[in-house]
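Working notes for the structure below.
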Amino acid sequence: MTLLTLFSSPKPFTDPHIATIQRNAIASWTHLPDVDVILLGDEEGLAEAARDLGVLHLPKVELNENGTPLISSMFALARENSESPLLGIINTDILLMNEIVGASQRIVSRFEKFVLMGQRWDLDVTQPMEFSEDWQSRLKKNIQKEGQLHRPAGSDYFIFPRACYMDIPDFAIGRAGWDNWMIFKARAEKWTTIDATPDVMIVHQNHDYRHLPTGEIHYNLPETDENMQMAGGAAVTRYTIKDTKRQLRDGKITRPRLTSGRFWRGVEQFLRKLFFFLKEEKVEKVVRPKRWAKIFKKIIGK
């Protein structure tokens, strides 16, 4: 029995660049020790890619009225078709290296219920990767030269024990809101939330959004609005990696270092509790961290 089963629902393999980076990503997962991979959906080219890469393909994932896979169905299928103690949902443009397995082993030995996540590094990748013996060291050198650390608002993977997240709403994959809910849910259930950014490097292969209906990023799509509503509104969808309570650094599980982002997020959460009696739209005007940061700067300036 393997330690971890990664699952994902890829985009169609019709666009040459999307096809290349998805094959790169999935291939990187197959090179990890103690990991199984499940690909979900019936997008064009997916069955062939799964066969070529030697991973399990489950085409019958439930869809919404727009034909977008539902995360609730993805979780159910991954759970039904795996036996590993850990599951991990991940975007199919993300390259992983062995340190993700080491981090998972370290965390599962300490906590019964948790969710592991981390910031990504953005990198331009346009060609098929070669997975020779030193591919991970070569990739890290490229990141050091050309990569850029993404802000904490983006969450591209979540690793958790299979007993967690048994009641997922019918979120649409690839739209905003559901990843914020994952962090909120873990906090609400008092599971250990762990930011692995210092010890685990994950790589996002940059791409455009021609695969979406508007050709632009998903924030303005109706499915994003629906996800936001299912998640619970702005108070929930503001949860990010900054809301984790632990951090994996140098192999040790510690409290996160206080950054300006974490400080102002703490201010925001305090104000949300203080003004719980206000309507959501008014609360948003009061608690925005940038608003209070400007006020603080003015006070200091005087």
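A compact table of results
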item	result
Farthest toward positive dipole pole in the chain [+1 Lys/Arg, -1 Asp/Glu at C-beta], among HIS207, PRO33, VAL108	VAL108
Filter on LYS60/LYS245; LYS113/LYS245; LYS185/LYS245 - keep pairs with C-alpha separation over 25 Å	LYS60/LYS245
Rounded, prolate or oblate (a/c below 1.5 giving rounded, otherwise prolate when a/b exceeds b/c) for region 1-41 by Cα gyration tensor	oblate
The chain: angle of helix 289-301 to the longest principal axis, Cα-based, in degrees nearest 10	50
The chain, helix-only ellipticity at 222 nm - DSSP H runs n ≥ 4, -39,500 (n - 2.57), divided by all residues, nearest 500	-11500 deg cm²/dmol
When the chain is reduced to its Cα atoms, the Kirkwood hydrodynamic radius in Å	20.2
Distance histogram for region 145-206 (every C-alpha pair counted, 10 angstrom bins, percent rounded to whole numbers)	16, 49, 29, 6, 0
Semi-axis lengths, Å, region 24-97, gyration tensor of Cα atoms, sqrt of 5 times eigenvalues	20, 15, 11
Nearest-0.05 FRET efficiency for ARG51 and ALA153, computed from C-beta distance (R0 22 Å)	0.05
Most to least packed among 133-139, 196-202 [average Cβ atoms within 10 Å]	196-202, 133-139
Region 84-142 - convex hull of alpha carbons, volume per residue in Å³	123
Relative contact order %, the chain, counting alpha carbon pairs below 8 Å whose residues are six or more apart	19
Shape category assigned to region 72-222 from the gyration tensor of Cα positions, a/c cut at 1.5	oblate
Antiparallel bridge percentage (DSSP; both residues within the chain; nearest 5)	40
Ranked packing of 33-41, 53-61, most packed first, by mean Cβ within 10 Å	33-41, 53-61
Between 0 and 90°, nearest 10: helix 71-80 axis offset from the chain longest Cα axis	50
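No lab work stands behind these numbers, since they all come straight from the coordinates. Since this is a predicted model, take the numbers as computed values, not measurements. Neighbour counts run over all protein chains shown; Cβ positions are idealised from the backbone, glycine included.
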